[in-house]
Structures are given as C-alpha cells and as structure tokens.
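The structure appears below as structure tokens.
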Amino acid sequence: MAREGIDAQVEEIARAAGVGIGTVYRHFPTKDELIEALAMERFERLGELARAALANEDAWGAFEELMSASARIQSDDRALSEVLTSRPEMMGRAADSVDILGLVAELMQRAKHAGALREDADPRDVPMLMCALAGTYRNPYTNPDRYVRIMLDGLRAGSERAALPPVAEP
C-alpha cells in the first residue's frame, strides 16, 4: 500500500506480505480496518519520533527533526498520504491515539521559548502543512526535502515575518 496507495488490491497486499489472502482477512475483515491499522502504526512511529525529539536539547533542531521525519514518512508512503487527505477522521483517530498534537505543542513551545519558532505558529498548523505535503508522492519531479525546508523557513522566528491570520475554528 505504501507503493500503490489505498487502491492496492488485497491480493497484492497479501502477496507482498508473503501471506495468504485468508490471513489478511482474518486479521483485517475489511480493507478499511487494514488501512486504519496502518494509519495507527504510522502514528505510533511518529509518536516515538516526537518523544525522541523531545530528548534533543536543541529546541529548533528537535522541531525540525520531527517535521523532516514526518514529511519523509509521508512522502515514502502513498497510502498514508492518500488517507491523510481523503479520510481526515481516520487520521484524527490515529493522531489522537498517541497525542501527536500534544507532543508537537510541547516541541513548538520549547522552540518558541528558545526564540527559534515564530510566536504565532500553532500546533494545529502542523497537520495542515502535512496535508499540503501529502501530494508530493504524485509528482515524479518532487523533492519533498525542498518543500519541508520552505515550510520550516516559514515557521522560523524572524523580525521580517508577516503575522499569520488566526487558526480557523470549526
């Protein structure tokens, strides 16, 4: 699914995993359950990365490390990118399961306190930025590292930054 996306056939998934199709269906009765399990697994990994970043004493480096790793995971996983943009409720459940916004908020607060992150950046900006990066898998000429760098430069504190409009409320 990482290579083919959410439209990959269950038969192909089973073959790639080296198991029979019955084994896949025993563990995941529906394709949606398989997709949700994959989303949960990815967010567990992102949670681990965020906790590791919190151990980094360099506040900006820690935030940059997580954002870069998140973008790399996403650009390498077509299914994750598709789910991020097409099934936000599923991604929300996976993100909530590891409190990713809380971890990102902590990283951002540290970076703000260090004077490295713009004061008006909000943890809720991160999922939206990641959604914007989700389409990078579609373009063969894409260099996700370039877009991550542009994004991070926009989040970096600096006196010549325009104030951001407020985060939209539901």
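Laboratory data are not the source of any read-out in this text; all were calculated from the coordinates shown. These numbers come from a predicted model, not from an experiment. With ideal geometry, Cβ positions are generated from the backbone for all residues, glycine too; neighbour counts draw on all protein chains shown.
If R0 is 25 Å, the Cβ-Cβ spacing of Arg93 and Thr142 corresponds to a FRET efficiency of close to 0.35. Exposure proxy ranking for Glu65, Glu4, Glu57, based on other Cβ atoms within 10 angstrom of each Cβ and starting from the fewest, stands as Glu57, Glu4, Glu65.
Applying 1/(1 + (r/R0)^6) with r as the Cβ-Cβ distance of Arg156 and Glu12 and R0 = 35 angstrom yields a FRET efficiency of 0.25.
Gap in Å between the Cα centre of region 16-32 and the Cα centre of region 63-131? Value for the Cα centre distance between the two parts: 30 Å. The relative contact order of region 21-155, computed from alpha carbon pairs under 8 Å that lie at least 6 residues apart in sequence, is 31 percent. Each label point was placed 7 Å from the Cα along the Cα-to-Cβ direction; for Arg149 and Val19 their separation is 4.1 nm.
Summing Cβ point charges (Lys, Arg +1; Asp, Glu -1) relative to the Cα centre of the chain gives a dipole of roughly 280 debye. Every Cα-Cα pair of region 21-155 was included, and the share exceeding 24 Å stands at 31 percent.
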